[in-house]
Amino acid sequence: QVQLVESGGGLVQAGGSLSLSCAASGRTFSTYAMGWFRQAPGLEREFVGAILWGGSATYYADSVRGRFTISRDIAKNTVYLQMNSLKPEDTAVYYCAARRNLARITYQDYDYWGQGTQVTVSS
C-alpha cells in the first residue's frame, strides 16, 4: 500500500522560507513522478511542481518558479519542497502526490496522495 506523508508546514511571515517533506513508502518509486499541489479555501487544487523520481527532472508552475525548489533523496524515499520568498497568496494546504511515469500538472492524473500540510503566510 502506497503511503505519502507530508510534514513541515506552519506559519511564516511574508518573505520567509519553509521546507516541506513527503515521505513515501509502499513500493519502489523509481518509475514514478512526484507532484506537489496546493489548495486554498474555495479554490481548486493547483499544480505547484513535480519531479521525476528516476531522472530528477523538475517542473514548476509559473507562480512559484524561481522561489520554490523540489528535490528528492532516494535513500530516504523522501521528496522535498523548499519554499523561499513566500507570499500571502502561497497560503494553502500543500499535498504531495505520486503517479507512474511522466509528470502531469492536473491533479486528477495522480493516483496517490498525502494528507496535506497547512502553510500560512502572514503579511
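The values are calculated or read from the model by the stated rules, or taken from the named source; none is laboratory data. This is a predicted model, so every value here is computed, not measured. All Cβ positions, glycine included, derive from the backbone under ideal geometry; neighbour counts span all protein chains shown. To get the accessible areas, we keep the full protein, side chains included, count just its heavy atoms, and leave off ligands, DNA and RNA. Shrake-Rupley method; radii C 1.70, N 1.55, O 1.52, S 1.80 Å.
Residue check: is Ser21 surrounded by 14 or more Cβ atoms within 10 Å (Cβ to Cβ) and either under 11 Å from the mean Cα position of the chain (by Cα) or modelled with pLDDT of 95 or more (or both)? Judged against the criteria, Ser21 is a match. Of all residues in region 105-120, those satisfying the criterion of being assigned to a loop (DSSP other than H, G, I, E, B) and crowded, with 17+ Cβ neighbours inside 10 Å are Tyr110, Gly114, Gly116. Within region 80-90, being polar (S, T, N, Q) and farther than 14 Å from Gly8 by Cα holds for one residue alone: Ser85.
Scanning region 78-104 for residues being farther than 11 Å from Met34 by Cα and either among the hydroxyl-bearing types (Ser, Thr, Tyr) or not in a strand (DSSP E or B) (or both) gives a total of 9.
Can you confirm whether Phe29 is part of a loop (DSSP other than H, G, I, E, B), closer than 22 Å to Gln3 by Cα and either in contact (Cβ under 8 Å) with a residue 60 or more places away in the chain or polar (S, T, N, Q) (or both)? Taking the combined requirement at face value, the residue satisfies it. Which of the residues spanning region 24-57 are β-branched (Val, Ile, Thr) and open to solvent by less than 40 Å² (accessible area, probe 1.4 Å)? If the condition is that a residue be β-branched (Val, Ile, Thr) and open to solvent by less than 40 Å² (accessible area, probe 1.4 Å), then Val48, Ile51 are the ones that fit. Within region 94-123, if we keep just the residues that are in contact with a Phe, Trp or Tyr (Cβ under 9 Å, 6 or more places away or on another chain) and of a type in the set (A, V, I, L, M), the residue that is nearest to Gly10 (Cα to Cα) turns out to be Val119. Entry remark, region 34-64: residues being assigned to a strand (DSSP E or B) and over 14 Å from Leu81 (Cα atoms) number 2 in total.
Checked against the criteria, Val64 does not count as open to solvent by 10 Å² or more (accessible area, probe 1.4 Å), within 18 Å of Thr120 (Cα to Cα) and β-branched (Val, Ile, Thr).
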